[in-house]
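Colleague: Okay, handing you the structure first.
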Amino acid sequence: MRGVRSVDEVGAEERAASLAKRSIKKSSKLWALDLAIRCMDLTTLEGSDTPGKVAALCAKGIRPKPGDATIPSVAAICIYPARVADAKLHLRGSSVRVASVATAFPSGQSFTSVKVAEVKDAVAAGADEVDMVIDRGAYLSGDHEKVYEEIVAVKEACGPAHLKVILETGELGTYDNVRRASILAMAAGADFIKT
């Protein structure tokens, strides 16, 4: 990751603090809230997830506030690969997409072949989007090439599904690591980067 400039941490924090103090006009606030809902993934990632729980989450994603048609649907329902078919069934006919975590979520620490197989299974079950988590251990130990190659392999396994790469920025330790990991993920083919 040579050639990537360092982040001015003090400047970034000052700018964030300045933006946090601004007030937002009501019309802009309503527009921003509407946009936030339409961009949101409604998620359940619990070991106790059942088809019934996924069905309820899908209903909430389609109609976040029953009785108020002015509240838009969310962008996607995010679940484990084993629940993708359940979500696909309950979201049929709606604009809500199905997102599935994969790649040894949440640690990202498994064999690339296992990660790729999990992604292919999720897409075959109907996932429109795949949320991959990078192997932070590999990244932090300096094995950026491994992380890059895994993202490339997962992107290929996604086929038509969008790839969202979760960086787990809280574990990367520095703004510079976040910046470099972001650039690496985008260069490797990520459609989106997250957290």
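Read-outs: derived from the displayed coordinates by stated rules, not from any lab. Quick caveat: nothing in here was measured; it's all calculated off a predicted structure. Using ideal geometry, Cβ is built from the backbone for each residue, glycine included, and neighbour counts are taken over all protein chains shown.
Colleague: Which far-off residues, 5 or more places away or on another chain, put their amide H under 5 Å from the one on SER94, with H placed in the peptide plane?
Modeller: Counting only residues 5 or more places away or on other chains, the set is empty.
Colleague: Quick one: what are the phi-derived ³J(HN,Hα) couplings along region 57-72, Karplus 6.51/-1.76/1.60 with θ = phi - 60°, whole Hz, x for glycine and proline?
Modeller: With the stated coefficients, region 57-72 comes to 5, 4, 4, 5, x, 6, 10, x, 10, x, x, 10, 6, 7, 7, x Hz.
Colleague: Which lysines does LYS155 reach when only Cα atoms under 20 Å apart count, and residues fewer than 8 places away in its own chain are ignored?
Modeller: Of all the lysines, those that pass the test against LYS155 - Cα under 20 Å, at least 8 places apart if same chain - are LYS115, LYS120, LYS146, LYS164, LYS194.
Colleague: Over the Cα atoms of the chain, how large are the radius of gyration and the largest Cα-Cα distance (Dmax), in Å?
Modeller: Using the Cα atoms of the chain, the pair Rg, Dmax is 18.4, 54 Å.
Colleague: So, one more: Taking amide H atoms as placed 1.01 Å from N in the peptide plane, list the residues 5 or more away in sequence, or in a different chain, whose amide H sits under 5 Å from that of ARG63.
Modeller: Hits under the 5 Å cutoff: none.
Colleague: Treating cross-link reach as a plain straight distance, find the lysines whose alpha-carbon is under 22 Å from the alpha-carbon of LYS53, omitting any fewer than eight places away in the same chain.
Modeller: Output for LYS53: LYS65, LYS88.
Colleague: In nanometres, what is the gap between the two model label sites at VAL4 and LEU45, each 7 Å from Cα along Cα-to-Cβ?
Modeller: For VAL4 paired with LEU45, the spin-label model returns 2.1 nm.
Colleague: Hey, another quick one. Fewest first, what order do ARG2, ARG63, ARG92, ARG180 take by the number of other Cβ atoms within 10 Å?
Modeller: ARG2, ARG92, ARG63, ARG180
Colleague: Now for a separate question. Choose one of VAL4, LEU35, SER48: the residue whose Cα lies farthest towards the positive end of the charge dipole of the chain (beta-carbon charges +1 Lys, Arg; -1 Asp, Glu; about the Cα centre).
Modeller: LEU35
Colleague: Another question, then. How do the peptides 160-173, 72-85, 48-61 rank, highest first, by the average count of neighbouring beta carbon atoms within 10 Å per residue?
Modeller: Order by mean packing, descending: 72-85, 160-173, 48-61.
Colleague: Search the structure for amide H atoms under 5 Å from the amide H of ILE166, placed 1.01 Å from N in the peptide plane, and list their residues when 5 or more places away or on another chain.
Modeller: For ILE166, the qualifying residues are MET132, VAL133, ILE134, LYS194.
Colleague: Another question about this same structure. Between ASP176 and ASP68, 0.36 nm times their residue separation minus their Cα-Cα distance comes to what?
Modeller: The ASP176-ASP68 span can extend by a further 34.5 nm.
Colleague: When only C-alpha pairs under 8 Å and at least 6 residues apart count, what is the relative contact order of the chain, in percent?
Modeller: Over the chain, the number comes to 16 percent.
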